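Some notes on the structure that comes next.
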Amino acid sequence: MRLKYKESQRDHTIFIKHYDLRRVTILLDYIDGIIMTRNDEHEQQKLGRCLSMEFEIKTLVKLKYLL
């Protein structure tokens, strides 16, 4: 399944997917995990299904802070 995320030119650990002016999903590859922020619940579910086909994943609680 092709997800169509684009790698950030400024930081190669950040991947962004824009749908229109109002919907966006951002992934941050951080050490041994992925941090995701989005304003589209459907894309989060789609991404979770796709990743779980390739990797053993678990969803943790909401992120409170990141250094």
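Remarks
- K4 meets each of the listed conditions (1) part of a loop (DSSP other than H, G, I, E, B); (2) surrounded by 11 or more Cβ atoms within 10 Å (Cβ to Cβ); (3) within 12 Å of the chain's Cα centre (by Cα) apart from (2).
- Residue within segment 13-33 that is at pLDDT 85 or above and in contact with a helix residue (DSSP H, G or I) (Cβ under 6 Å, 6 or more places away or on another chain) present: yes
- Within segment 29-67, if we keep just the residues that are among the basic types (K, R) and assigned to a loop (DSSP other than H, G, I, E, B), the residue that is farthest from R10 (Cα to Cα) turns out to be K58.
The values are calculated or read from the model by the stated rules, or taken from the named source; none is laboratory data. All figures in this text were calculated on a predicted structure; none of them were measured in a lab. So basically every Cβ, Gly included, is an ideal-geometry build from the backbone, and we count neighbours across all protein chains shown.
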